[in-house]
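I have placed the structure first, in the form of structure tokens, so that the comments after it can refer back to it.
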Amino acid sequence: MESREPVVRSATDLRIGLTAEFEREITDADVAAFAQNSGDHNPLHTDAAYARSTSLGARVVHGAFQVALASAMAGMYLPGRNSLLVSYNAQFLRPLYFPCRVAVQGEITAWDPENVRGSVKVLVTEVPAGTVASQIQVGFTCHEAAPASTASVPIATQPESTSDARLVLVTGASGGIGSYLVRELAREYAVLALVNRNSLPAELIGNPRIQQLKVDLSQPESVSLIEQALGSRRLFGIVHAAWPALLQGGLLAVSHLALEQQLSFAVYRTIDLARLLANKGESDGAHLVVLGSTAGTQKPSLNTAAYSLAKASLEHTIKLLAPELALKKIAINSVCPSFLGVGMNEQKNERQRLAATAAVPLGRLCEPADVLGAVHFLFSRESSFFTGQTFVLSGGQL
């Protein structure tokens, strides 16, 4: 490996979004030495004639060699020398042929200063082609537990300690409805706020009850990364508010890939989150609340047909999960608001808002506070016998 001084960072230096990168050559001698040290002499790595006779066509770098590069990133550069690695989750996306030059890029995607634990995502990319050969998520802790920064002022009155607060996970936490729920739920609970492309609003970052975790829920391994970040902590509840971009048009016009993404959030991620709660829920019971829409089975929309299909699938997924989860003292329900003036509807003009309001017999649009009220109820003892249900917030619309 090319000589480079290790980086020394204390826990207070770490934050989500911090990045580092190094490059190195991978030669025949490197692969031979790795085979000798590891004992993995598989001919796909060590026998050029054999490798040429396979569908790969040439020798490839060991997957474990690429994991070792991720170890070098985490243990030397990001988070650096003061880290202790506790887990790996690797995906090998395409064969890495050698000799070659690779860039090893790291980004901290999760950081819990209270428990001094985090995750760094490492990409091994072939240079100069720019193709990603592998993605490795590395869980780490630090040698020394430095206190978290308290530079910002909390947005709500907080007790002296939040360690006893029940923990709630909110997906889609940077969105309009998601960030509202994070802010309000943090008045009563500790909140693990999942974000992807955008961070939480600035006013939420300094709240000691809120921990931000960067995870791409479109990826199959996303929920296992959440479980890794949780460590030994238990969940009281999950609010699944994340959703991909709204698709316009009918089903004949939508691509298979785009439709699969809509359905994955409705079905696969809901099942994955249910499994997570089954593994990490509190022993005396837990709650999973999923945000649906009246555009599901209540009032399907031809103009957003893929969205309607996915939201309808979501409702059936919840009904089918309910009996299984009930055996584990977990309640699962869906809250289906009608037109909300935040999130995907935030850009609607005044005429569209007035038209939506006119369709509501109650005479007003559904508000984030209505969704919050439903979540609070479903988290309460009064709702203990409700599970597998769809709560429609329609204001009397048929």
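Of all residues in segment 261-284, exactly one satisfies the criterion of being closer than 23 Å to residue 198 by Cβ and among the acidic types (Asp, Glu), namely 272.
Against the test of being modelled with pLDDT under 95, touching a His at 6+ places or on another chain (Cβ under 8 Å) and assigned by TED's automatic domain parsing to the domain that holds residue 124, the options 78, 84, 56 yield a single qualifying residue, 84.
State whether one or more residues within segment 294-304 are more than 28 Å from residue 253 (Cβ to Cβ) and either among the basic types (Lys, Arg) or outside the structural domain of residue 234 (by TED's automatic domain parsing) (or both). No. Of the helices (runs of 4 or more DSSP H) lying entirely inside segment 210-281, those carrying at least 1 residues that are over 17 Å from residue 89 (Cβ atoms) are 256-263, 269-280.
In segment 238-245, is there at least one residue being surrounded by fewer than 20 Cβ atoms within 10 Å (Cβ to Cβ), out of contact with any helix residue (DSSP H, G or I) (no Cβ under 6 Å at 6 or more places or on another chain), at pLDDT below 90 and not polar (S, T, N, Q)? Yes, segment 238-245 contains a residue that is surrounded by fewer than 20 Cβ atoms within 10 Å (Cβ to Cβ), out of contact with any helix residue (DSSP H, G or I) (no Cβ under 6 Å at 6 or more places or on another chain), at pLDDT below 90 and not polar (S, T, N, Q).
What's the number of the only condition in (1) touching a Ser or Thr at 6+ places or on another chain (Cβ under 7 Å); (2) more than 30 Å from residue 384 (Cα to Cα); (3) not hydroxyl-bearing (Ser, Thr, Tyr) that residue 202 fails to meet? It fails just one condition, (1). Applying the criterion of being within 30 Å of residue 200 (Cβ to Cβ) and touching a helix residue (DSSP H, G or I) at 6+ places or on another chain (Cβ under 6 Å) to the residues of segment 1-53, the residue that is modelled with the highest pLDDT is 20. Among the numbered conditions (1) part of a helix (DSSP H, G or I); (2) without any contact (Cβ under 8 Å) to a residue 40 or more places away in the chain; (3) in contact with a strand residue (DSSP E or B) (Cβ under 6 Å, 6 or more places away or on another chain), the only one that residue 74 does not meet is (2). Is one or more of the residues making up segment 247-257 within 16 Å of the chain's Cα centre (by Cα), closer than 30 Å to residue 19 by Cβ, in the same structural domain as residue 319 (by TED's automatic domain parsing) and surrounded by fewer than 22 Cβ atoms within 10 Å (Cβ to Cβ)? The answer is no, given that none of the residues of segment 247-257 is within 16 Å of the chain's Cα centre (by Cα), closer than 30 Å to residue 19 by Cβ, in the same structural domain as residue 319 (by TED's automatic domain parsing) and surrounded by fewer than 22 Cβ atoms within 10 Å (Cβ to Cβ).
Filter segment 345-398 for residues that are of a type in the set (Val, Ile, Thr) and in a loop (DSSP other than H, G, I, E, B); which is surrounded by the fewest Cβ atoms within 10 Å (Cβ to Cβ)? Ranking the qualifying residues of segment 345-398, first place goes to 360.
Number of residues in segment 264-304 that are surrounded by fewer than 18 Cβ atoms within 10 Å (Cβ to Cβ), in contact (Cβ under 8 Å) with a residue 60 or more places away in the chain and under 21 Å from the mean Cα position of the chain (by Cα) equals 1.
The values are calculated or read from the model by the stated rules, or taken from the named source; none is laboratory data. Treat the numbers as computed from the prediction; the structure is a model and nothing was measured. With ideal geometry, Cβ positions are generated from the backbone for all residues, glycine too; neighbour counts draw on all protein chains shown.
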